[in-house]
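One structure is given below, encoded as structure tokens.
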Amino acid sequence: MGSASASSLPTSAGAGENLVLILDFGSQYTQLITRRVRQLGVLSLCVSGTAPLSSITGFHPRAVILSGGPHSVHASGAPSFPAGFLDFAADAGAHVLGVGYGMQLLVQSLGGAVEAGERQEYGDMEVETTAPSSTLYGESVVGIRQSVWMSHGDEVVRLPQGFEVVARSVQGAITAIEHREKRFYGLQYHPEVAIIYCDTSTQGKETLRHFLFDVCGIKADWKIQDVLDEEIKTIKSMVGTDEHVICALSGGVDSTIAATLVHNVIGDRLHCVFVDNAKLTYDLICIYKEKERVMSTFNSDLHLPVTCIDASEQFLSKLKGVKDPEMKRKIVGKEFIAQTGKRPEYLVQGTLYPDVIESCLPPGSGMTHSHTIKSHHNVDGLPEDMKLKLIEPLKLLFKDESFLKRHPFPGPGLAVRIPSGDVTEGNALEILRQADEIYVQAIRDAGLYDTIWQAFAVLLPVETVGVQGDQRTYGYPVTLRAITSEDGMTADWYYFERKFLADVSNRICNNVRGVNHVCVDITSKPPATVEWE
């Protein structure tokens with residue numbers, strides 16, 4: 001996964017003194033921990049759990065959270081923090097909190113025992129505090145119950161010397177431990193998930209708040225503007241006074257905001273290129289359908305120097321016959337750069353923190369403990385011989401932290417919303433564009449656009465039987481996807497009223513030739529991702 005170096009930290013944020021470092025061991029919820037800590041006004045960054053010790057000590061963190069992970073501590077090649085980490089934490093006065101796999105790793109490393117549980121615990125479950133007082137929970141807490149989110153097969157069966165059990169599950173498994181003198185703590189459950197994702201606990205956020213402020217003594221002194229101010233300083237120091245920068249705009253929000261930020265720093269030495277691949281994309285910023293209106297926004301409203309290149313046919317010719325989703329992304333990314341025709345010293349990308357995390361190779365060597373979910377349009381598909389240095393001013397921010405209020409849209413456009421299908425066959429792209437326009441406009445008309453994180457249509461490349469105009473038809477099924485989320489790392493499907501769905505289904509089937517089935521995707525993330533490929 002991607003990670004920030006200590007030198008990239010915003011100095012105005014009190015880095016080190018009030019920094020929380022998350023060591024990632026492959027959990028699907030690792031970035032949710034990072035986000036929750038930030039929501040409490042504390043700077044948090046995520047690095048590989050198997051990173052060299054020097055990479056961790058260089059941050060001088062006030063607290064370190066060991067994330068969960070999919071592996072057993074007994075498995076061959078199971079990830080672990082570097083040798084000397086616990087000694088460093090003790091000597092530096094840093095507090096360590098293990099979550100899930102992180103707690104089991106802490107216990108095993110200190111001489112305790114972890115074994116396969118007789119009864120695995122997944123999902124919503126109650127836990128009860130068993131100690132009369134606790135550093136993690138406070139005074140007079142014995143017997144207090146709360147619902148939490150469990151996700152483990154192994155369990156702690158023997159504690160290392162000096163540790164105390166402070167909570168158990170209703171099935172008897174150890175769920176919270178602490179060593180007050182050494183400042184080591186562990187939670188078998190996921191407090192970060194219980195806050196928002198499953199909405200079953202009001203205590204998860206309070207436990208994190210208590211740990212950060214009351215236990216660790218951290219101050220809530222971090223602001224998003226600190227990161228942007230630091231990125232502005234970085235751009236000024238990176239780009240020489242006679243050097244030039246290019247930004248390939250897709251019409252999406254991320255790249256546009258990144259370009260605007262860079263343009264404010266270096267002026268017209270930024271060269272933006274909008275590659276019009278209109279048959280592949282449908283602009284969700286303002287539902288512009290003509291390139292002239294998109295260009296007007298860039299030039300008149302945002303004052304960006306943008307050159308427009310019409311490359312629809314080139315994109316389609318490169319994608320002809322391609323069905324593999326990863327190959328689609330790589331082709332679109334490579335062709336986008338090729339169409340710009342410019343080779344300055346730097347390239348601006350609208351990379352966000354989740355983009356980096358979901359796109360990069362997992363921490364450690366090989367594929368030892370996490371999996372690349374998918375390549376991302378912001379960080380993949382660049383030509384191998386491209387020597388440009390990257391400028392990514394939003395790379396440490398989540399979507400809602402970067403002031404981006406519009407629905408996300410993938411850089412490869414509608415090409416990745418025809419899963420495992422050849423986007424050049426038949427009239428598939430136009431069918432999908434029309435269905436998507438009807439769907440998103442209906443959401444706007446219903447006043448739901450700002451309530452929903454992201455909504456779009458997916459065209460399935462299979463023929464289905466229908467009856468239209470008293471005749472048997474063969475057409476495509478369209479699936480409607482709408483999610484709610486805070487940061488895009490986890491998401492739940494949005495519940496539409498029956499009448500809304502009925503109206504949208506009728507409008508699509510009656511107005512989009514080639515569609516005879518409309519379905520609704522009601523899958524959360526995880527287990528699904530937001531996009532279909």
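Numbers at a glance
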{"quantity": "Test: LEU212 is open to solvent by 10 Å² or more (accessible area, probe 1.4 Å) and modelled with pLDDT of 80 or more", "calculated": "no"}
{"quantity": "Scan of the stretch 98-118 for residues that are of a type outside the set (Gly, Ala, Ser) and under 15 Å from GLU164 (Cβ atoms), ordered by number", "calculated": "MET103, LEU106, VAL107, LEU110"}
{"quantity": "Qualifying position, being out of contact with any Gly (no Cβ under 9 Å at 6 or more places or on another chain) and open to solvent by less than 40 Å² (accessible area, probe 1.4 Å), among ARG498, ARG481, ARG433, ARG444", "calculated": "ARG481"}
{"quantity": "Residue identified as open to solvent by 40 Å² or more (accessible area, probe 1.4 Å), at pLDDT 80 or above and in the same structural domain as LYS395 (by the TED database) among SER296, SER237, SER300", "calculated": "SER237"}
{"quantity": "Some residue of the stretch 460-467 being hydrophobic (A, V, I, L, M, F, W, C) and either in contact with a His (Cβ under 8 Å, 6 or more places away or on another chain) or open to solvent by less than 20 Å² (accessible area, probe 1.4 Å) (or both)", "calculated": "no"}
{"quantity": "Pair list, Cβ under 6 Å, 6 or more apart: the stretch 508-526 residue open to solvent by less than 50 Å² (accessible area, probe 1.4 Å), other residue modelled with pLDDT under 90 and assigned to a loop (DSSP other than H, G, I, E, B)", "calculated": "LYS525/THR490; PRO526/GLN28"}
{"quantity": "Filter pass, TYR439 being open to solvent by less than 40 Å² (accessible area, probe 1.4 Å), within 20 Å of ILE257 (Cβ to Cβ), under 26 Å from the mean Cα position of the chain (by Cα) and at pLDDT 80 or above", "calculated": "no"}
{"quantity": "Among (1) in contact with a strand residue (DSSP E or B) (Cβ under 8 Å, 6 or more places away or on another chain); (2) modelled with pLDDT under 95; (3) farther than 22 Å from LEU40 by Cα - the single one PHE163 does not satisfy", "calculated": "(2)"}
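The values are calculated or read from the model by the stated rules, or taken from the named source; none is laboratory data. Here the structure is a predicted model, which is why all the values come from computation and not from measurement. Positions of Cβ are generated from backbone atoms using ideal geometry, with glycine treated the same way; all protein chains shown enter the neighbour counts. Accessible surface is based on the protein model in full, side chains and every heavy atom, while ligands, DNA and RNA are left aside. Shrake-Rupley method; radii C 1.70, N 1.55, O 1.52, S 1.80 Å.
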